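The values are calculated or read from the model by the stated rules, or taken from the named source; none is laboratory data. Note that the coordinates shown come from a computational prediction; the quantities given were computed from them, not determined experimentally. Positions of Cβ are generated from backbone atoms using ideal geometry, with glycine treated the same way; all protein chains shown enter the neighbour counts.
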Ligand code: NOJ
Ligand code: CA
């Protein structure tokens, strides 16, 4: 249907199941606005949209409708790896073309896609006469809420997402309070705004999560909070160097502004809205990347058992190896071989090696980081030839590590050489890191400059058959659909904080919040599987704040196509029974089902492994013990499974007794319903292996 008359001013479009309605209109002054209804209740009330520019007048009023178009879309696409194989992408679209009535006569389109599980909308700047470059000073997208929701949020930091979540009413959000609590290597919280995904729960059980999809060549969006009027407003991450927050040529499209809208918490996790709003795979066959579990020379540095650096010295402004290596270097040929042996014996395909290359002596705290890290030169005690050929013999792949230290020019210059080196050695994935303030100064991790850095690195890496897992990344926005070599990322307070943070680490409620916030954006490299929960030999003042059973459950609950078995080899070897779960658990899924859950409290997920048909179940709870009932009706009928349950022991407690675990065989089939007790900070992991 196409129409272009004033009669049709009040336009609306519904979701395929008709539960959601988006309405759009322009005011008497030509100001565009939209609203959203869920089951006949107004969720987003009159909310205006528009732009300010650095070099021309704003585009927020004097607009008129030129044309509108409603269309239907229905496809199914397949993930090369993921939480499931088949993804249904079904929506109705409302496409609105607007033009200025005043003399510039600029054109802009607003496109809404309405799904059963939420909406996405974006702005399209079509090619037009007399306008070829946009210098966006501010995007004004309002989300005018109608209820003082219970909100799960982190501050709108322009430089990092590694904050603990707060749970408050929308009207009580206070992002500024984080500034003094934070001692991160980079952090900038300019105002009372939150980062996305931010998730809200209403009194009637309505669940909302705000985020964005397909973030490319644009700045990340934080949401400024108006606590009085219960209003959120887009606030793009800025730059001190550039003319505007976003500088781009026309034609272009902004990222999608998304709201997942469901009437229960599990449906948020099952929603594919974010990936669906991205373009189809542009890389074609990426089967050179295989989802995998991995171990690595990593946790031992965070515990202080070994170090990244080799111990060279600064002499006359130059780093020189004076033979004074301190002997605590972790990435030695010998140590890496231990991890290779252990991995090959335990059905683990990857070994990450951090601290293999020169530059670590001048890592944290140095301002002159450009030119320091080198992504091809090994320390003298690490033999890349020997390690990679030994790994190959054992059927294991070495995972590369590039700590860029946020020195972007150095990394950009070396990328081709660095990825070519990986290709030569048959290494198909890299963990990259961007710790510290961005160089060049004045840029932030989440601004347009860095969005392009992260995306371009991944696109370049694909040419060398390299997949990327970035730490200190830009948020996930579903680009893995378009570039399936973007496999995982950090972008949250990961396990590492338990090793060294001085604020008690991640509290038991952390992951039951993460599952319904950060995880809605995409895969998480959380690095689970710590068995030595209290760090007995190393850091007795720190610990992991979960039970051992929860560490196992995380392999199922937290989705990533790469899952680390993060603890030390000796800690696994001392605990072969719980280790069996890590050996067995899948990493690539045919289907996933969220069995139950409440945001911030608990969640249980069942996933069916691709290829084998084996099922794995993971459940986690916050600081409260609880009993969950699981109906196993998702199992195939007439199929026998060898079932092993790893559950909290009767005295388990995340702090008092985290290692108390009961491992038992149970008879379970698709008619079974069983109650399980989860301890405070506890969990449950179940493997159901086809007989
Ligand atoms: C921070 C990352 O999150 C961590 O995993 C890594 O070990 C260090 N940076 C060093 O690159
Ligand atoms: Ca980090």
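Suppose we keep only residues that are more than 13 Å from ligand 1 (Cβ to nearest atom) and part of a loop (DSSP other than H, G, I, E, B) within the stretch 356-368. Which one would you say is farthest from residue 436 (Cα to Cα)?
Taking the candidates together, the pick is 358.
Can you tell me which residues in the stretch 174-193 are surrounded by 15 or more Cβ atoms within 10 Å (Cβ to Cβ) and more than 21 Å from residue 503 (Cα to Cα)?
190, 192, 193
I need a count of the residues in the stretch 433-445 that are within 16 Å of ligand 1 (Cβ to nearest atom) and crowded, with 23+ Cβ neighbours inside 10 Å.
Qualifying residue count, the stretch 433-445: 4.
Which count do you get for residues in the stretch 427-443 that are assigned to a loop (DSSP other than H, G, I, E, B), more than 16 Å from the chain's Cα centre (by Cα) and within 16 Å of ligand 2 (Cβ to nearest atom)? Outline the logic, then answer.
So in the stretch 427-443, the residues assigned to a loop (DSSP other than H, G, I, E, B) come out as 427-428, 434-438, 440-443.
Going one step further and asking which of them are more than 16 Å from the chain's Cα centre (by Cα), we end up with 427-428, 435-438, 440-443.
Retained after the next criterion (residues that are within 16 Å of ligand 2 (Cβ to nearest atom)): 435-438.
Result for the stretch 427-443: 4.
Checking the conditions here, which among 103, 67, 124 is assigned by TED's automatic domain parsing to the domain that holds residue 206, farther than 16 Å from residue 274 by Cβ and within 31 Å of the chain's Cα centre (by Cα)?
One residue alone meets the criteria, 124.
Which of the numbered conditions does residue 148 fail, given that it passes all the others? Conditions: (1) crowded, with 21+ Cβ neighbours inside 10 Å; (2) touching a helix residue (DSSP H, G or I) at 6+ places or on another chain (Cβ under 6 Å).
(1)
Of (1) part of a helix (DSSP H, G or I); (2) within 16 Å of ligand 2 (Cβ to nearest atom), residue 401 satisfies all except one. Which?
That leaves (1) as the condition not met.
Can you tell me which residue is nearest to ligand 2 (Cβ to nearest atom) among those in the stretch 341-355 that are under 27 Å from residue 405 (Cβ atoms) and not in a loop (DSSP other than H, G, I, E, B)?
By that ranking, first place goes to 352.
Before we move on, is residue 17 part of a loop (DSSP other than H, G, I, E, B), more than 13 Å from residue 110 (Cβ to Cβ) and at pLDDT below 95?
No.
The rows are residues; the columns are (1) within 21 Å of residue 84 (Cβ to Cβ); (2) part of a loop (DSSP other than H, G, I, E, B).
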{"site": "229", "(1), (2)": "no, yes"}
{"site": "235", "(1), (2)": "no, no"}
{"site": "241", "(1), (2)": "no, yes"}
{"site": "268", "(1), (2)": "yes, no"}
{"site": "275", "(1), (2)": "yes, no"}
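Taking the stretch 457-486 only, how many residues are within 16 Å of ligand 1 (Cβ to nearest atom) and not in a helix (DSSP H, G or I)?
The number of residues fulfilling the criteria is 9.
Restricting to the stretch 404-426, what's the tally of residues that are buried (at least 20 other Cβ atoms within 10 Å of the Cβ) and not in a helix (DSSP H, G or I)?
Here the count works out to 4.
Count, please, the residues in the stretch 606-628 that happen to be under 24 Å from residue 166 (Cα atoms) and not in a loop (DSSP other than H, G, I, E, B).
So the count comes out to 4.
Do any strands (runs of 3 or more DSSP E) lying entirely in the stretch 632-691 carry at least 1 residues that are under 29 Å from the mean Cα position of the chain (by Cα), and which ones are they?
Those strands (runs of 3 or more DSSP E) span 641-648, 673-678, 683-690.
If I go through the stretch 448-461 residue by residue, how many of them are touching a residue at least 60 places away in the same chain (Cβ under 8 Å), out of contact with any strand residue (DSSP E or B) (no Cβ under 8 Å at 6 or more places or on another chain) and buried (at least 22 other Cβ atoms within 10 Å of the Cβ)?
Residues of the stretch 448-461 that are touching a residue at least 60 places away in the same chain (Cβ under 8 Å), as a first pass: 448-449, 451-452, 455.
So of that shortlist, the ones also out of contact with any strand residue (DSSP E or B) (no Cβ under 8 Å at 6 or more places or on another chain) come out as 449, 451-452, 455.
Keeping just the survivors that are buried (at least 22 other Cβ atoms within 10 Å of the Cβ) gives 451.
Here the count works out to 1.
State whether the residues of the stretch 112-120 include one that is over 22 Å from the mean Cα position of the chain (by Cα), farther than 30 Å from residue 250 by Cα and exposed (fewer than 15 other Cβ atoms within 10 Å of the Cβ).
No, the stretch 112-120 contains no residue that is over 22 Å from the mean Cα position of the chain (by Cα), farther than 30 Å from residue 250 by Cα and exposed (fewer than 15 other Cβ atoms within 10 Å of the Cβ).
Can you tell me which residue within the stretch 42-56, out of those that are surrounded by fewer than 16 Cβ atoms within 10 Å (Cβ to Cβ) and at pLDDT 95 or above, is nearest to residue 141 (Cα to Cα)?
By that ranking, first place goes to 46.
Does residue 188 satisfy the condition of being at pLDDT 95 or above and away from ligand 1 (no atom under 16 Å from the Cβ)? Break it down into steps so the answer makes sense when it comes.
Values: at pLDDT 95 or above: yes; away from ligand 1 (no atom under 16 Å from the Cβ): yes.
In short, yes.
Can you say whether residue 678 is touching a residue at least 40 places away in the same chain (Cβ under 8 Å) and under 28 Å from residue 200 (Cα atoms), as far as the supplied structure shows?
yes
Taking the stated definitions as given, is residue 250 surrounded by fewer than 22 Cβ atoms within 10 Å (Cβ to Cβ), out of contact with any strand residue (DSSP E or B) (no Cβ under 6 Å at 6 or more places or on another chain), over 19 Å from residue 17 (Cα atoms) and at pLDDT 95 or above? Break it down into steps so the answer makes sense when it comes.
Values: surrounded by fewer than 22 Cβ atoms within 10 Å (Cβ to Cβ): yes; out of contact with any strand residue (DSSP E or B) (no Cβ under 6 Å at 6 or more places or on another chain): no; over 19 Å from residue 17 (Cα atoms): yes; at pLDDT 95 or above: yes.
Considered against the rule, which asks whether it is surrounded by fewer than 22 Cβ atoms within 10 Å (Cβ to Cβ), out of contact with any strand residue (DSSP E or B) (no Cβ under 6 Å at 6 or more places or on another chain), over 19 Å from residue 17 (Cα atoms) and at pLDDT 95 or above, residue 250 comes out as no.
I'd like the residue in the stretch 195-232 that is touching a helix residue (DSSP H, G or I) at 6+ places or on another chain (Cβ under 6 Å) and under 20 Å from residue 147 (Cβ atoms) and, out of all such residues, is surrounded by the fewest Cβ atoms within 10 Å (Cβ to Cβ).
So the residue we want is 227.
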